[in-house]
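The values are calculated or read from the model by the stated rules, or taken from the named source; none is laboratory data. Fair warning: this is a prediction, and the values are worked out from it, not measured in the lab. Quick reminder, even Gly has a Cβ in these numbers, built from the backbone with ideal geometry, and neighbours come from all protein chains shown.
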Amino acid sequence: MPLRFVKMQGLGNDYVYIDGHDQDLARFDLGRLAAIVSDRNFGVGSDGLILILPSDTADFRMRIFNPDESESNMCGNGMRCVAKYVYEHGLTRKTEFEVETLAGIIRPSLKVENGSVTSITVDMGEPRLARSEIPMEGEPQDEPAIEEPLDLDDETLQITAVSMGNPHCIIFVDEVEEAPVAELGPEIECHPIFPNRTNVEFVEIVDRTHVRMRVWERGAGITLACGTGASATCVACALTDRTERSIEVELLGGTLQIEWRDDNHVFMTGPAVEVYEGVLSDALISGAAL
């Protein structure tokens, strides 16, 4: 039986979304399905696959699979798209609700005009800074890693590590357009200091309220935007006194507003766009059948 899907994007961070409320997904290897649909030549083409599911503990459940078949804990741009989908497709009339993820319960809040979601603010939760929470090797495990040296094959970089439910390694650079994202990204992602691998952010400070960021995403490579990465960047910028706690993060796909509030929660505000609906043929998805 074919699968219905929706293609959505948040600042160009595009995913294939499948609603599992009325479709049987238990018949698939979900990681393999993600690899198939994500292929930009032979599949739909995306940064991964996101499933919208029922939850026993929240209003909805979200699962995220990367093109390399691994499962992610959280995706900020994906969360905004899920929030837009469930409202505009009639799964909820709430404008504030809870979504279960592997990173915990996430709470999006919708701005709605004439029945359409125009903007979503997501409570991304509290940043985790201890090495054990990243996770990251080294001692002491209960202390953060802020502007700490990381030895690579040919150089040593200064890094700050933050988890927003998934690990992030932030590197400050003079000019982000010149940053060797494609070269250093995969090396840092798989560095042995990060036992679960890591996302990598290259960040240029424009002023106290504005930064530019490029990202190498764990399991996906270079993407146009990363919501958890922008959130982690805000925290890293504030921790190192490079910016205020409320900043504009300019990414290749657009801009996010990020605020690390006094209650220790990080809030992300940005758009989500539905691109098109479609059906995955039996011939395409047969390679993921169990």
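In table form, for the structure just shown:
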{"read-out": "Answer residue from the range 72-96, given it is under 20 Å from the mean Cα position of the chain (by Cα) and of a type in the set (G, A, S) and is farthest from I134 (Cα to Cα) among those", "value": "A83"}
{"read-out": "Hey, V162 in contact (Cβ under 8 Å) with a residue 12 or more places away in the chain, within 19 Å of G229 (Cβ to Cβ), β-branched (V, I, T) and out of contact with any His (no Cβ under 8 Å at 6 or more places or on another chain) or not", "value": "no"}
{"read-out": "Matching residues, the range 247-289, being part of a loop (DSSP other than H, G, I, E, B) and free of Cβ contacts under 8 Å to residues at least 60 places away in the same chain", "value": "R261, D262, D263"}
{"read-out": "Residues that are touching a residue at least 40 places away in the same chain (Cβ under 8 Å) and more than 21 Å from M79 (Cβ to Cβ), drawn from the range 130-159", "value": "P135, M136, E137, G138, P144, I146, E147, L150"}
{"read-out": "Pick from the range 69-99, criterion on the phi < 0 side of the Ramachandran plot and of a type in the set (D, E, K, R), ranking: surrounded by the most Cβ atoms within 10 Å (Cβ to Cβ)", "value": "R80"}
{"read-out": "Yes/no for V235 being among the β-branched types (V, I, T), more than 30 Å from R32 (Cβ to Cβ) and touching a Ser or Thr at 6+ places or on another chain (Cβ under 6 Å)", "value": "no"}
{"read-out": "So E201, is it in contact with a Ser or Thr (Cβ under 8 Å, 6 or more places away or on another chain), in the same structural domain as E137 (by TED's automatic domain parsing), under 30 Å from L3 (Cβ atoms) and crowded, with 19+ Cβ neighbours inside 10 Å", "value": "no"}
{"read-out": "Residue in the range 141-155 that is assigned to a helix (DSSP H, G or I), on the phi < 0 side of the Ramachandran plot and surrounded by 13 or more Cβ atoms within 10 Å (Cβ to Cβ) present", "value": "no"}
{"read-out": "Yes/no for T233 being in contact (Cβ under 8 Å) with a residue 12 or more places away in the chain, assigned to a loop (DSSP other than H, G, I, E, B), assigned by TED's automatic domain parsing to the domain that holds A145 and buried (at least 16 other Cβ atoms within 10 Å of the Cβ)", "value": "no"}
{"read-out": "All positions within the range 236-246 that are assigned to a loop (DSSP other than H, G, I, E, B) and in contact (Cβ under 8 Å) with a residue 60 or more places away in the chain", "value": "T240, R242"}
{"read-out": "Scope the range 113-136; condition loosely packed, with under 14 Cβ neighbours inside 10 Å and either assigned to a loop (DSSP other than H, G, I, E, B) or of a type in the set (V, I, T) (or both); matching residues", "value": "N114, G115, T118"}
{"read-out": "Selection within the range 138-194 - under 20 Å from the mean Cα position of the chain (by Cα) and of a type in the set (D, E, K, R)", "value": "E187, E189"}
{"read-out": "Single residue of L239, L256, L280, L251 found to be buried (at least 17 other Cβ atoms within 10 Å of the Cβ), out of contact with any strand residue (DSSP E or B) (no Cβ under 6 Å at 6 or more places or on another chain) and among the aliphatic types (A, V, I, L, M)", "value": "L239"}
{"read-out": "Which listed residue is closer than 28 Å to S119 by Cβ and either of a type in the set (S, T, N, Q) or modelled with pLDDT under 95 (or both), from N41, N13", "value": "N13"}
